[in-house]
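First the structure, in the form of structure tokens, and then the observations on it.
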């Protein structure tokens, strides 16, 4: 098996979140801590074609994404800057590049099976509501019992991450794979945990190696397990002092690497 370059994405800004968008869409949230601005982008998952480029709102920083459903991004604001509590709902259509509706009355919970579930805070507890996800119009009030929607989030999460595969931490009891890393350790000083994914005879791995000056490098390698040979490698983060988590993942047969926190590299796997 081999890795082949597919596409890359960067604006030279900090990639804050990479969010599944469904329907072959991937939404990328970028933040500039210096100017305190946030930018929202959407690309085609398979080709990298830009579908939405550097979207901003009147509120330049204190805004974020709740979910993406059937081509609509649901944004939230914050009750107060620097505070974690969400407020408001803004529905934005990726294809038309238009805001569909917004509400300062409700707080987003989840969207599932063509309904948007939200709530209002009371002095004690919450009142839950069901809305039309396309228009924001009220369909029904659900009362105060959270059990009504308790199981929906789990169902929605299963939808969102269908096709996604995330690495696991190496367990040295897995003898065949551990032997490969023992050979790597003869040449490099590995610090911290080792993340990996195995696809048949292809081993994808990310780890941190200690350099002579005491700094770390976050290294990604693809190895042929049968041949015990490195077929691809990339330094994802140079001259770092802290461990960088979650530097790669898979969606179907595509491998996504995050380099220097601002460049998304995408490869496809072939036999």
Of all residues in the range 92-104 being in contact with a strand residue (DSSP E or B) (Cβ under 7 Å, 6 or more places away or on another chain) and part of a strand (DSSP E or B), the one that is surrounded by the most Cβ atoms within 10 Å (Cβ to Cβ): 92
Enumeration of residues in the range 75-91 that are assigned to a strand (DSSP E or B) and either touching a helix residue (DSSP H, G or I) at 6+ places or on another chain (Cβ under 9 Å) or surrounded by fewer than 21 Cβ atoms within 10 Å (Cβ to Cβ) (or both): 76, 77, 78, 86, 87, 88
Filtered residue count, the range 146-162, keeping only those that are surrounded by 12 or more Cβ atoms within 10 Å (Cβ to Cβ) and assigned to a loop (DSSP other than H, G, I, E, B): 2
First in the range 124-141 and touching a residue at least 24 places away in the same chain (Cβ under 8 Å), second anywhere and outside any strand (DSSP E or B), Cβ under 9 Å, 6 or more apart: 131/106; 131/137; 133/70; 133/114; 134/70; 134/114; 136/106
Total residues in the range 115-124, condition surrounded by 12 or more Cβ atoms within 10 Å (Cβ to Cβ) and more than 15 Å from residue 90 (Cβ to Cβ): 5
Residues satisfying the stated conditions in the range 12-28, i.e. farther than 19 Å from residue 247 by Cα and crowded, with 16+ Cβ neighbours inside 10 Å: 21, 22, 25
Qualifying position, being under 25 Å from residue 95 (Cα atoms) and touching a strand residue (DSSP E or B) at 6+ places or on another chain (Cβ under 8 Å), among 109, 142: 109
Test: residue in the range 63-74 that is in contact with a helix residue (DSSP H, G or I) (Cβ under 8 Å, 6 or more places away or on another chain), surrounded by 13 or more Cβ atoms within 10 Å (Cβ to Cβ) and touching a residue at least 60 places away in the same chain (Cβ under 8 Å): yes
Qualifying positions in the range 30-54 - assigned to a strand (DSSP E or B) and surrounded by 17 or more Cβ atoms within 10 Å (Cβ to Cβ): 30, 31, 38, 39, 40, 41, 42, 43, 51, 52
Evaluation of residue 136 against (1) in contact with a strand residue (DSSP E or B) (Cβ under 9 Å, 6 or more places away or on another chain); (2) loosely packed, with under 12 Cβ neighbours inside 10 Å; (3) at positive phi (one fails), failing number: (2)
Search result, residues across the range 79-94 that are within 17 Å of residue 22 (Cβ to Cβ) and without any contact (Cβ under 8 Å) to a residue 40 or more places away in the chain: 92, 93
Flag for residue 32 being more than 30 Å from residue 222 (Cα to Cα), without any contact (Cβ under 8 Å) to a residue 40 or more places away in the chain and under 19 Å from the mean Cα position of the chain (by Cα): yes
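Only the coordinates and a few stated rules stand behind these numbers; no lab work does. What you are looking at is a predicted structure, and each value in this text was computed from that prediction instead of being measured. Cβ: placed from backbone, ideal geometry, glycine included. Neighbour counts: every protein chain shown.
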